[in-house]
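The values are calculated or read from the model by the stated rules, or taken from the named source; none is laboratory data. Small disclaimer: the values here were computed from a predicted structure and weren't measured. Using ideal geometry, Cβ is built from the backbone for each residue, glycine included, and neighbour counts are taken over all protein chains shown.
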Amino acid sequence: MRRHRIAVLKGDFIGPEVVDATTSVLEALAPRAGLAFEWDPLPFGGGALDAHGTPLPEATKAGAAAADAVLMGSAGGPVGDHPWNRVPRPLRVESGILDLRRHLGVYANLRPVAVFPGLEHLSPLKESVARGTDLLIVRELTGGIYFGKPSSSGPDRGVSTDVYERFEVERIARTAFEAARLRRGRVTSVDKANVLDVSQFWRDVVVGVHQAEFPDVALDHLYVDNAAMQLVKAPTSFDVVVTSNLFGDILSDLAAVLPGSLGVLPSASLGGAVGLYEPVHGSAPDIAGQGLANPTGTLLSAAMMLRFALAAPAAADALEAAVKGALADDPTRDLGGTRGTAAFTAAVIERLPARLDGVEAPAGASA
């Protein structure tokens, strides 16, 4: 058995529900794949703010950095006049998320977006347009306007600085080109080079990396406004999209609606010694505690964790297949099915293979 320590940041509202569902599936999968997990639950998010005065306590930072991977649920609360939104900005949950990414050094956010066969009708796009969508957004995560200085907000002036260093653009470009080599061999770099100097710099550096290191991968460029239009007009035309922190934030959320629900999309944040794996959806306070949360996004994030952090690609494939099979059979209620969180989780476990990659299943394990 290969034992792995996983830092678990459950988050708020439905965060603990989808994370608990995911860890139960991973526990069922583990002996079949020759794996064993040590779970290290750590406080994070609005609950941590209430209990510890910060959304990211020092113990959580230390525990996350010492783990083999970090599995995180959704954190934060309702928009508007909520106590978590009235604290100073450095203490808000969103700042804790940014600080966690910076602490782990995860500069590359990978967000696969796929419209699953049989669920095309859930997309807001025509089924004929949505069918076959399978793209990967690679978002630079620790630079750009979210971290640039100076940054301030006053009564008469607000300032945010969008700045990139050469090494930051080079490494995210390499991540995108390497991902494209494993997919369909094409990268679309998104910028606003017609009006922003920082975007012209971005484009020049991406072109340089392409010419010097990845001439076998096709490269094209889109301005961010055109990219947004093409994502909804012709989503199947994209393979890998690479872009800056701000544009990636916007485009990945736009692309997330293509499958019809934020609840089905995973993400992996990579580049540091420890990766961060989390669903892209919010904490959904309106359905928390009702057994309705869709754990698909967290389950597929765990599959990315198996693949990228734990060197267990066969286990990742098995988990993805089980999730997709359960979705095709009877999805969760937000997708028009009948299953709640517990029933869907059980259906995924039932679809896991009895043995995996040559590992004998333990006695009593179901096929």
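Residues that are of a type in the set (Val, Ile, Thr), at least 3 per element: which strands (runs of 3 or more DSSP E) completely within the range 237-290 meet that?
On the way: elements: 240-243, 268-270, 275-277.
Once the strands (runs of 3 or more DSSP E) in the range 237-290 are filtered for at least 3 residues that are of a type in the set (Val, Ile, Thr), what remains is 240-243.
Let me confirm something: among Gly80, Gly96, Gly63, Gly148, which residue is assigned to a loop (DSSP other than H, G, I, E, B) and not assigned by TED's automatic domain parsing to the domain that holds Ser237?
Of Gly80, Gly96, Gly63, Gly148, the one residue that is assigned to a loop (DSSP other than H, G, I, E, B) and not assigned by TED's automatic domain parsing to the domain that holds Ser237 is Gly80.
Taking the condition of being touching a residue at least 40 places away in the same chain (Cβ under 8 Å), part of a helix (DSSP H, G or I) and surrounded by fewer than 21 Cβ atoms within 10 Å (Cβ to Cβ), how many residues in the range 291-334 meet it?
Residues in the range 291-334 being touching a residue at least 40 places away in the same chain (Cβ under 8 Å), part of a helix (DSSP H, G or I) and surrounded by fewer than 21 Cβ atoms within 10 Å (Cβ to Cβ): 6 in total.
When you scan the range 85-107, do you find a residue that is crowded, with 17+ Cβ neighbours inside 10 Å, of a type in the set (Ser, Thr, Tyr), under 30 Å from Phe147 (Cα atoms) and in contact (Cβ under 8 Å) with a residue 60 or more places away in the chain, even just one?
yes
Scan the range 114-128 and give yes if some residue there is buried (at least 19 other Cβ atoms within 10 Å of the Cβ), at pLDDT 95 or above and not aliphatic (A, V, I, L, M), otherwise no.
no
Are any residues in the range 341-354 crowded, with 16+ Cβ neighbours inside 10 Å and of a type outside the set (A, V, I, L, M, F, W, C), and if so, which ones?
Thr341, Thr345, Arg351, Pro353
Just checking, does the range 194-212 include any residue being surrounded by fewer than 15 Cβ atoms within 10 Å (Cβ to Cβ), out of contact with any Ser or Thr (no Cβ under 6 Å at 6 or more places or on another chain) and hydroxyl-bearing (Ser, Thr, Tyr)?
No, the range 194-212 has no match at all.
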